[in-house]
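Report on one structure; see the data block that follows.
The values are calculated or read from the model by the stated rules, or taken from the named source; none is laboratory data. None of these values were measured; they are calculated from a predicted model. Because the Cβ atoms are built from the backbone with ideal geometry, glycine has one as well, and the counts that use them run over all protein chains shown.
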Amino acid sequence: MAFELSAEHEAFRAVVRDFAVAEIAPHAAAWDEARHFPVEVVHALGDLGLFGLIFPEEWGGSGGDFASLCVAIEEIGRVDQSMGITLSAGVGLGANPIYRFGSDAQRQTWLPDLVAGRRLGAFGLTEPDGGSDAGGTKTTARRTEGGWSLSGAKAFITNSGSSITSVVTVTARDEDGGISAYLVPSGSAGLIVEPAYRKLGWHASDTHGLTLADCFVPDEHRLGDAGAGFRNFLSILDDGRIAISALAVGCARACRDAAVDYAKHRTAFGAPIGRNQAIAFALADLEVSIEAATVLTYKAAWLKDEGRPTSRAAAIAKVYATEAAVGATRVATQVFGGMGFMEENPVARFYRDAKILEIGEGTSEIQRLIIARGLGLPVS
């Protein structure tokens, strides 16, 4: 029974970490303060091959495993959660639905640029009145000559409004009541990108609401079988939950590193504050939670790579890792004291960024519902 990543994974981790420390970390605070989405970094991540990790070579990818993607997201998220979610969503929510459910023609049209990081794709499932109740889709698809007319609204959509966004995959309810998925190219008539949200965290991530006002999509832009959109998207969310768990591990590790370093060097009452058991034990408990979150995350990634069911493992990993990340930001802020409350301290940024981890890709409550149902409980 092995509890460590391969030497190849660790060598890859070192490459991503070097890039993140050199090219992202020095600018993360400025991007956050300016609410600036750095398109050039997306291209650089593409040049590293990170957007193509899980896709076959025939579509421009490297044919790697899901664990490698988790390593990349963890390391990027360790210096900037905004860029971590940009990568996670670009791969898992932008390109992956097209790869898994698209026709060869659709793959040929969209994947080369998405996999190379030249363009970004988005995933329109959440609606203003439908977050956890994703099956309550109100966006409609009306059959018309040569295609469909889409009408409705989507909310909180990552990578949906940047200058390099090329396509949004949206769910819509068909006239027979089923939910199908449709590829909507950026710039389509009737696709309205709403102003960027003013968010608590993830300031350097691109997030918008979308309005579909009789937006026409041709027949060849339906993604997957008719009526299969909701079921297909739920399987995409399982993958996304593992990726979010990796992002959470990166957040927790960053807070741990900063707090431990501060506890070693900050003195009070004539000694380093890490000598105080209250501080030392809080950091020890934090280390326990990080170790557990890491094992749960990479176990779920391993199951994914083995082709085994992941819904339960993904839910367990996400609920634990994301709550551990939120706890890590709280502990680190407390260790820093007043300095932890200052925006120039990266811990403050992580504190703001962490909360959404418990919400996006399915709330902690939804994860517990999945886990409880897996136990055979008749919970609703």
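Only residues that are part of a strand (DSSP E or B), in contact with a Gly (Cβ under 8 Å, 6 or more places away or on another chain) and farther than 29 Å from residue 77 by Cβ were counted in the range 154-181, giving 3. Residue pairs whose Cβ atoms lie under 9 Å apart, sitting 6 or more positions apart in sequence or on different chains, and linking a residue in the range 24-52 that is more than 26 Å from residue 348 (Cα to Cα) to a partner that is assigned to a loop (DSSP other than H, G, I, E, B) and among the β-branched types (Val, Ile, Thr), are 43/164. Among the residues of the range 194-215, what is the count of those that are at negative phi and crowded, with 19+ Cβ neighbours inside 10 Å? The total comes to 11. Exactly one residue out of 236, 244, 279, 290 is at pLDDT below 95, outside the structural domain of residue 82 (by TED's automatic domain parsing), closer than 29 Å to residue 202 by Cα and assigned to a helix (DSSP H, G or I), and it is 236. Quick one: would you say residue 304 is in a helix (DSSP H, G or I) and either more than 30 Å from residue 33 (Cα to Cα) or small (Gly, Ala, Ser) (or both)? Against the criterion (in a helix (DSSP H, G or I) and either more than 30 Å from residue 33 (Cα to Cα) or small (Gly, Ala, Ser) (or both)), residue 304 qualifies.
Cβ-Cβ contacts under 9 Å between residues 6 or more apart (or on different chains), taken from a first residue in the range 338-363 that is under 18 Å from residue 207 (Cα atoms) to a second residue that is modelled with pLDDT under 95 and in a helix (DSSP H, G or I), are listed as 361/237; 362/134; 362/237.
In this structure, residue 32 qualifies as of a type outside the set (A, V, I, L, M, F, W, C), buried (at least 20 other Cβ atoms within 10 Å of the Cβ) and assigned to a helix (DSSP H, G or I). Taken as a whole, the condition of being in a helix (DSSP H, G or I) and over 15 Å from the mean Cα position of the chain (by Cα) applies to residue 329. Screening the candidates 46, 84, 90, 52 for the property of being surrounded by 17 or more Cβ atoms within 10 Å (Cβ to Cβ), of a type outside the set (Ser, Thr, Tyr), within 30 Å of residue 199 (Cα to Cα) and in contact with a strand residue (DSSP E or B) (Cβ under 6 Å, 6 or more places away or on another chain) yields one hit, 90. Residue check: residue 203 meets all listed conditions (1) in a loop (DSSP other than H, G, I, E, B); (2) in contact with a strand residue (DSSP E or B) (Cβ under 9 Å, 6 or more places away or on another chain) but one, namely (2).
Please state which one of 314, 321 is in contact with an Asp or Glu (Cβ under 6 Å, 6 or more places away or on another chain), under 22 Å from residue 372 (Cβ atoms) and of a type in the set (Gly, Ala, Ser). Result of the check over 314, 321: 314.
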